Amino acid sequence: MPTRPIHAVAAFAVLGLTLGLAACSTTADSDTPSTDTAAAGSAISEERCALNEAAGTINFLTGYQYQASVSILNIIAADELGYFDALCLDVDIQPGTGDTSQNAQLLASGQVTITSVDEQNLITAQDNGIDVTGIATYSNVGLEILMTGTDVTDLKDLDGTILGQKGNLPPAVGAMLTNAGADLASIQQVVVGYDPTILPRGQVDSLTGFISNEPNLLEAAGEDVTVWRPYDFGVAGSLGSLAVNNEFAADNATAVEDFLRASQHAFDYCGENGEECVAFASDLSGEGYDAAHNLKVWTTEYDIVTDNQPADAPIGLIDFENVTAESEFLVESAQIAAAPADPTAYFDNSFVEAIYDGTTLIWPAP
């Protein structure tokens, strides 16, 4: 894999809030929703509508609040644009705390129907006896990254320097440093807060973070940093992963399929209409929501997904080779004691496969 770093350049997007609701088209070849509110069942047969209504309320728990991340913003937008209504789905969206292990527990208990759980956390949950199933992943590029000044051109340059982290070094970042030939033992690690400007101020030489968060905050402050992704150093990861309650999925296959169908339809829409979709999340969150920053979060993650998407695979399809690599990484980093016999058994691609014709989303539903 290439090891070229990504440079964040100082620039800032201007947010224009547009709050008009849009709804889904009833034609399969339309990419843009109507400006009218969608009628219930307008993109689905009566028989399929009845099946989805019988599924009851789908309780969706976000990964973290109403942040404009992939697998959060597009699901909020699917609700606001009327896509769930058009597929006869009753979806209740609740904000998560960021504790994905808790998300998995709530999912297994049936208190939550679908939630954000990245692939590594799902494998770890299974290792702890929490039985849930992964149904979609938007990208193999993980969110955790390391930032440095632009003068660092090789991660071996960090030998003997100070690294800031939020309480523990993310295993993916540690693996990246090792894979790059850095002497991890020589790097002094210090626990820091959530102000990323300590990096350009020189208080640390490198700083952990998330690819769509701290680099964008520093960019907005006019600071130029280098972003190092574990993905580029052969470390397996995931972005935008979703998991489902097993019993619900077994009893309501069409509802799970159509939840993903509406979510993906909204992903495509928000790719062209990010400001409008972020406004939906802002309305849900209320006062204090940083719409400008969240627009950058969305565009960063959307670009990661689309720029790294294999040409022959639909968006959302889980890469089983990546799952196996993540399982092996969890053992190597001592996060689980032993690799499961078949980690791919914890994931099911049938729901994503059902909503695509090749790499083209099937909309409306059959």
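We did not get these values from a lab; they are worked out from the coordinates using the rules stated. These figures come from a predicted structure and were not determined experimentally. All Cβ positions, glycine included, derive from the backbone under ideal geometry; neighbour counts span all protein chains shown.
Scanning the stretch 238-259 for residues that are within 25 Å of Glu326 (Cα to Cα) and surrounded by fewer than 23 Cβ atoms within 10 Å (Cβ to Cβ) returns Asn246, Ala249. Among the residues of the stretch 102-134 satisfying the criterion of being small (Gly, Ala, Ser) and touching a residue at least 12 places away in the same chain (Cβ under 8 Å), which is surrounded by the most Cβ atoms within 10 Å (Cβ to Cβ)? Ranking the candidates gives Gly134 first.
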